[in-house]
Every structure is written in structure tokens, then in C-alpha cells.
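Step one of this worksheet: look at the structure below.
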């Protein structure tokens, strides 16, 4: 394989592995805020124990997330030097903002969150929980803004020519609020909330099935279920908005996502299928003219297809983009169905007696993670052959001195290290779950709960 393909595989591997953890941190952070807020409001020690338990899980995901994220910044310089030169002004601003406004907030309160029990008042500790949660959300904001600028560039001009050309910001806020940033941020946040909520659902479904921590787990399961149901439904709206923006600003990507080849024709919406790139057709189950209706609210307005774009300016891995996109959608619909069924059984007061459904929730933890990964793969592969859409091609963004053997070596090294890290994460996570929440009866003597305590 050539350097470009190897470098793309390497970056895809490292970022996909890294992206297991930040969504969990953000999602668990939201549940921590809810659990601890309920503890402050009610004084119920079960909520304090829940908060303490999930802080341990949060700390584990946060630590590995930070460690695995550092590698990508080095890859920008080693493998993608031309890209780094071109977007340095834009990425530098976004990453600096992340460090100043997000990571500093998150890490600044992290020590209080982890070690502040019995050292600060309940309200101060809750403020630290909020600080860590908002810091994790702001961190996602700046990363997604930087990526969204690559999808829909705005607020810049290009200085220099050829290999020395670079994008220079002329309007910071136009760069921040580029056409796709807000909708993509919401979409990413909701995906993270679902990842965290389904981890909580999985763990407490397991406890209920094993008849452990029953009262605590019923409370936690109900809260996480409400969060999961609300955000799984919300994802429908942000997903639709994102698709509209892709249709307007990246029509070749949308055409690849739906396997639409005709240069200008009404388009079906496929529920599932297989794309034959050579024959330029899709075999599968579709809603006739469904894509046309979703985009234009009628059945007659044509949609741009892949043949409307030059061969070298449209995605090449069309079937992969199609499959990743549709798998994301299928999982999203499955999450909606699963949570609505659970809410119905909860209303009927039969949920915690329905063992088969609880077992499904135990294993459903993987679904939001898969949906997040598939969504990013569809977005990034669909952007090809551009690394900055319409401005810089991926083939032109490479470092000119790196060799295939060097990339192979680093890829193998990362694969080994990341495999060890993942196994360590699973081992520690399983150990903490098997141990379960602890009872902190002694603390009630050391620090009685006072709602007015500041």
C-alpha cells in the first residue's frame, strides 16, 4: 500500500480507538450531574453512592481518553505536514480555544470531583461536577468546529500558492459558526449522551439480573432510561438537519450515502442495500422518491447524483460510505425502539420483571459506540477525496518525506499499544463493575448532609 492509504488507515485507527472514550466521559458526566443533583435535592444517600461509583468509571474513561488523544496531534506533523501548514491557523485557533476554555475548566475541577468528598461541601462538590461536565462538552465543541470547518470552510482566505498556500482566518466567528458546526456539535453531543446512558443502563441491568444493589439500580436505570429515550428521539432531528446541510454543501457525499448515481433525478431512500459501483446501481429495499421528499418535501424535485461530479472529485469507496451511513441509521432506530419499549413496560410496572429485555440492555452498551463510529466513518470517507472540502485534496496533504515503511512500523506499534490499553480498560472496568457501588455509612457520621451547607 502507498503512503496515502497507510496514513489514512493509521489516522482512522488511532482516532477511532480514541473516540471510544470521550463520548463515554461526556455521557457519564451528564448522569453524574443528575445523580448528584438529586442527592442535593433529596438527601438520599443512594444517589450519593451512585455518584461516587460512577465517578470511578468516569475517571477511568477520562484518563485513557487523554492518553490516546495526544497521538493524533503528532500525526498531523509527521504524516500530514502539508495539511498542517494549510490549516494551521484554523486548527491552531480551535485547539488553543479547547485548551483555554475547555480542558482547563475540565481538569481544573477534576481534582475536586475525584478527591473532594469530605473536603468540600456538597454544593461545592456539585459545582465541580458541573465544571467537569461542561469542560468535556466544550472540548467536544472546539474539536467538532475544527472538523466542521474542513467539511464546510468559512471565515478565511488563502494566502500563498502551491505547496506554501495556507488558510488564514479573517473572521473568527464565521469560522466557528461555519455552516455545519452547530448541527454537528448537537449530533455529537447527543451521541455522547447516548453512549453514557447506555453504559449506565447496561451496568444496572446486570445488577438487577444478579439481584445486587437492587434499589439503587432501579433508580439509576429509570434515570438513564429517560435520558436515553429523550436523546435517541432527539437524534432523529439533528440527524435530519445534518443531512440537509450535507445535501446543500456536500452533495457528492450525500449521493454516496444514498447510492444515488443519476446526475440530476428524483432519488429513492434506501433502508438497506448493496452498491454496485461498476453497474452504478443499488440493490436493496428502498422507499421510492423518499430521499427527494426528505430533502425537498415533494416527490418531483431532482437530487444531484454522483455522475454530476468529476470522477476525481467524488468519493471512491461508495459502498463503504453507504453501509456505514445506513448502519448508523439502523442502530439509531433500534435505540429508539428499545427505549420506548422499556418505557412502556416501566409504565405497566413490568420492566424489572422482564428478564430478556434486561439482558438486551446489558449488551446494548455497544450500540451507541458503533453508531458513533459508523457516523464518523461515513462523514470522513464521504468527504474524500478532499481533506478540506473543495480546497485541499487528501493526496496533496501528505508529508513529502515520510515513507510507507515508517508508517507501517508506527501503525503496528500503535496497534499493539492500543490493544494493551483496551484490554487494560476492559479489565479495570469489569473489576469496578463486579465490585459495585460501596456503602458509605461511615461518612454519614463524618459529614452529615445539609442542603444549606455551602
Starting with the highest mean, order 48-61, 80-93 by the number of other Cβ atoms within 10 Å, averaged over the residues of each peptide.
48-61, 80-93
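Sorted by average packing, counted as other Cβ atoms within 10 angstrom per residue and highest first, what order do 196-203, 1-8 take?
196-203, 1-8
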Fewest Cβ neighbours within 10 Å first, please rank 149, 386 accordingly.
386, 149
Defining a contact as two alpha carbons under 8 Å apart and six or more residues distant in sequence, what relative contact order in percent does the chain show?
21 percent
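Counting only Cα atoms, I'd like the Rg/Rh figure for the chain, Kirkwood definition for Rh.
Working: Rg = 23.6 Å, Rh = 23.7 Å.
On the Cα set of the chain, Rg over Rh gives 0.99.
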Can you give the extra length, in nm with one decimal, that the chain gains between residue 161 and residue 354 once fully stretched, where that is 0.36 nm per residue apart less the Cα-Cα distance?
62.9 nm
Measuring from label point to label point, each 7 Å out along Cα→Cβ, what is the residue 420 to residue 309 span in nm?
4.1 nm
Sort all Cα-Cα distances of region 291-426 into consecutive 5 angstrom bins from zero, then give the percent of pairs in each bin up to the one containing the longest distance.
2, 8, 9, 11, 14, 15, 12, 9, 8, 6, 4, 1, 0, 0
Those residues of region 383-425 whose amide nitrogen sits under 20 Å from the label point placed on residue 67, 7 Å along Cα→Cβ
410-425
Stretch residue 317-residue 214 to full length: gain in nm at 0.36 nm per residue minus the Cα-Cα span?
32.2 nm
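Could you calculate the contour length gain from residue 56 to residue 301, that is, 0.36 nm times the residue separation minus the distance between their Cα atoms, to one decimal place in nm?
On the way: separation 245, 0.36 × 245 = 88.20 nm, distance 5.33 nm.
Full-extension gain reported as 82.9 nm.
Just so you know, all these numbers are worked out from the coordinates, no wet-lab data involved. Here the structure is a predicted model, which means the values were calculated and not measured. Quick reminder, even Gly has a Cβ in these numbers, built from the backbone with ideal geometry, and neighbours come from all protein chains shown.
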